[in-house]
Amino acid sequence: MSAMDAIFAKANGIFYSLGGREITYRRGSETGTLTAIPNDEERMTYADNGMAMRIWLRVWLIKVADLPFGLPQRGDEILQGAEVFEALPHEDEPAWRYADDTRTEVRILTKQISGS
């Protein structure tokens, strides 16, 4: 590992310790606990009648090594407290993608399906 790689690894660890939230990751009846970084994004979408609608999506940044069931799948759920989010694609963006060139983190696009 180069000195620069070591610096990036240390910074990433700090990023997760400061901005990370403990979540439960669920696929079917299986669950696992891990740390993820949430980010809310506002998106514009259009109804069939052409009316513009504003929606909020929560995007989760998760280390691939922490995923309990391998790579994410559409329909996986993330539980944070009483809130439940489902991994879903939005328009032309898939439900998940790698967040970095080294494929060590994924970015999961979710919509809140229950909770406050």
Worksheet item: Does TYR46 satisfy the criteria of being surrounded by 13 or more Cβ atoms within 10 Å (Cβ to Cβ) and over 17 Å from ILE113 (Cβ atoms)?
Response: no
Item to complete: Taking the residues in the range 35-52 that are at pLDDT below 85 and part of a strand (DSSP E or B) as candidates, determine which candidate is nearest to TRP96 (Cα to Cα).
Response: ARG43
Fill in: Residues located in the range 34-58, provided they are within 19 Å of PRO72 (Cβ to Cβ) and of a type outside the set (Lys, Arg)
LEU34, THR35, ALA36, ILE37, PRO38, ASN39, ASP40, GLU41, LEU57
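Among the residues that make up the range 61-71, is at least one of them in a strand (DSSP E or B), surrounded by fewer than 13 Cβ atoms within 10 Å (Cβ to Cβ), without any contact (Cβ under 8 Å) to a residue 24 or more places away in the chain and at negative phi?
First, pick out the residues of the range 61-71 that are in a strand (DSSP E or B): 61-63, 68, 70.
With the extra rule that they be surrounded by fewer than 13 Cβ atoms within 10 Å (Cβ to Cβ), the set shrinks to 70.
Next cut, without any contact (Cβ under 8 Å) to a residue 24 or more places away in the chain only: 70.
Keeping just the survivors that are at negative phi gives none.
Within the range 61-71, none of the residues are in a strand (DSSP E or B), surrounded by fewer than 13 Cβ atoms within 10 Å (Cβ to Cβ), without any contact (Cβ under 8 Å) to a residue 24 or more places away in the chain and at negative phi.
If you scan the range 101-116, which residues turn out to be in a loop (DSSP other than H, G, I, E, B) and either at pLDDT 95 or above or surrounded by fewer than 13 Cβ atoms within 10 Å (Cβ to Cβ) (or both)?
Within the range 101-116, the subset in a loop (DSSP other than H, G, I, E, B) is 101-104, 115-116.
Hits for the range 101-116 are ASP101, THR102, ARG103, GLY115, SER116.
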Worksheet entry | ARG97 being more than 22 Å from THR33 (Cβ to Cβ), part of a strand (DSSP E or B) and under 10 Å from the mean Cα position of the chain (by Cα) | yes
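The values are calculated or read from the model by the stated rules, or taken from the named source; none is laboratory data. This one's a predicted model, so the numbers in the text were calculated from it and none came from an experiment. Glycine gets a Cβ as well: all are built from the backbone with ideal geometry, and neighbour counts include every protein chain shown.
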